[in-house]
Every structure is written in structure tokens, then in C-alpha cells.
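The numbers here are math on the coordinates, done by the rules we state, and not lab data. None of these values were measured; they are calculated from a predicted model. Using ideal geometry, Cβ is built from the backbone for each residue, glycine included, and neighbour counts are taken over all protein chains shown.
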Amino acid sequence: MKKKFIQLEETEKVTLQEGHKNGKTKAFQERCHCLVLSSEGYEVKELAGIFRVSEISIYAWFKRWEKDGIVGLRDKQGRGRKAILQKQDLAQIKQTVQKNAQRLKIARQKLKEELGREFSTKTLKRFLESLTADTNAGVNV
């Protein structure tokens, strides 16, 4: 396999260093750092060892950088498990929970029948907590 290095302009290098320091996710930070190291002469095999990923992953990061720039290094939407309870179910969930506010197990049972989805009382609690977290996000105490 041919050795491949990323060539970076000084401004690109600074942008990637900022992404490494201030990126929102660890994966994004690592991808930025990987490209900086590559531009400094680290080989793909070394980078794979440093970041504990396959060489194929390193090449994929290179392609994403070349195609989309720093935006290509971000995590793509739609990864991970999809939520059981969705925002579009909010009105129905609110109504059912308000009727059975002191008995979440009963509310869960009714919602399971109405929505046709299996979920635990803990899942319902987490969903309700996420709603209060959304409304409290802008409040400073």
C-alpha cells in the first residue's frame, strides 16, 4: 500500500488544531488531530496505532477531509439508536401523563397501547426529564 500524507496549508492546519482543542465530540477532535499529525509526516500505519482504528478508517478520514473539509470530519446525523418516544408523540404523552401524574406505570401502559411501542417506565421518565431540560436550558439560576 502506498504511503499517503495530507498536505495542509497553514490556515487549514490552524483550523484543524482548533477543532482538536475545541471540537464538540472526542471523535471529531481525534480526526482533526490525525490530519495534523499526517501533515507532520506520520504514516497511516502509525496513525492507526495512535488512534486505535484501522488503516481503512484513517484513509476514510482523509477522503472526508478532501471532499468536505472540516465539516466532513464531524459525526454524521442519524447515528446511534433511534429514540422510542418521539417529539411528535409529545401532545399524546403530555395528556396521558397529566391524567395519571402520580401513576407513571399506568400512564406507560396506556401509552404503550396507544402508540403501539414497547418501552419502560424509565424510558418515559427520561423522555419527560429531557423535556424539562429543554425548557430550562436558557434559564440561569
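Taking the Cα centre of segment 1-120 as origin, sum charge times position over the Cβ atoms of Lys and Arg (+1) and Asp and Glu (-1), and report the length of that vector in debye to the nearest 20.
Around 960 debye, computed over segment 1-120.
Relative to the longest principal axis of the C-alpha atoms of the chain, give the angle of the C-alpha long axis of helix 90-99, reported between 0 and 90° and rounded to the nearest 10°.
On a 0 to 90 degree scale, this one is about 40.
So for the chain, taking the charge dipole from beta-carbon charges (+1 Lys/Arg, -1 Asp/Glu), which of C32, A101, I70 sits furthest toward the positive end?
About the Cα centre, the residue reaching furthest to the positive side is A101.
Which whole-Hz ³J(HN,Hα) couplings does segment 67-73 yield from phi under the Karplus relation 6.51 cos²θ - 1.76 cosθ + 1.60, θ = phi - 60°, glycine and proline marked x?
Working through the residues one at a time gives 7, 10, x, 5, 4, x, 8 Hz.
Under a 10 Å cutoff between Cα atoms, tell me which one of T25, T15, T96 has the largest fluctuation in the Gaussian network model of the chain.
Of the options given, T96 has the highest mean-square fluctuation.
Could you give the dipole magnitude of segment 10-73 about its Cα centre, charging the beta-carbon of Lys and Arg +1 and that of Asp and Glu -1, in debye to the nearest 20?
Numbers: 10 positive and 10 negative charges, 65 e Å.
Dipole about the Cα centre, nearest 20: 320 debye.
Tell me which label goes with the value of mean projected area of the Cα convex hull in nm² computed from the coordinates here: (i) 10.6; (ii) 8.8; (iii) 12.9.
Correct label is (iii).
Normalised by the residues of the chain, what does the relative contact order come to in percent, with Cα pairs under 8 Å and at least six apart?
RCO, the chain: 15 percent.
Residues with amide H under 5 Å of I6's amide H, sequence separation 5 or more or different chain, H placed in the peptide plane at 1.01 Å from N; which?
Under 5 Å from the amide H of I6: S39.
What nm distance separates the two modelled labels at A91 and K26, each placed 7 Å from Cα along Cα→Cβ?
4.2
Give me a comma-separated list of calculated 3J(HN,Hα) values for segment 22-29, in order, Karplus coefficients 6.51, -1.76, 1.60 applied at θ = phi - 60°, integers in Hz, x for any Gly or Pro.
Running phi through 6.51 cos²θ - 1.76 cosθ + 1.60 with θ = phi - 60° gives 10, x, 6, 10, 4, 4, 4, 4 Hz.
What is the Cα centroid distance between segment 108-134 and segment 1-64, reported in whole angstrom?
Answer, in whole Å: 41.
With unit charges on the beta carbons (Lys and Arg positive, Asp and Glu negative) and the dipole taken about the Cα centre of the chain, which residue among L115, S130, L47 sits farthest to the positive side?
L115
Could you calculate the contour length gain from R117 to E43, that is, 0.36 nm times the residue separation minus the distance between their Cα atoms, to one decimal place in nm?
In short, 21.7 nm is gained.
Run lengths n ≥ 4 of DSSP H only: what is the helix-derived mean residue ellipticity at 222 nm for the chain, with -39500 (n - 2.57) per run over all residues, to the nearest 500?
About -19500 deg cm²/dmol.
Can you compute the modelled spin-label distance between L131 and K4, with each label point 7 Å from Cα toward Cβ, in nm?
Roughly 4.8 nm, to one decimal.
Would you count, across segment 10-73, every pair of lysines whose alpha carbons are under 19 angstrom apart, provided the pair is eight or more residues apart or spans two chains?
So the count of such lysine pairs works out to 6.
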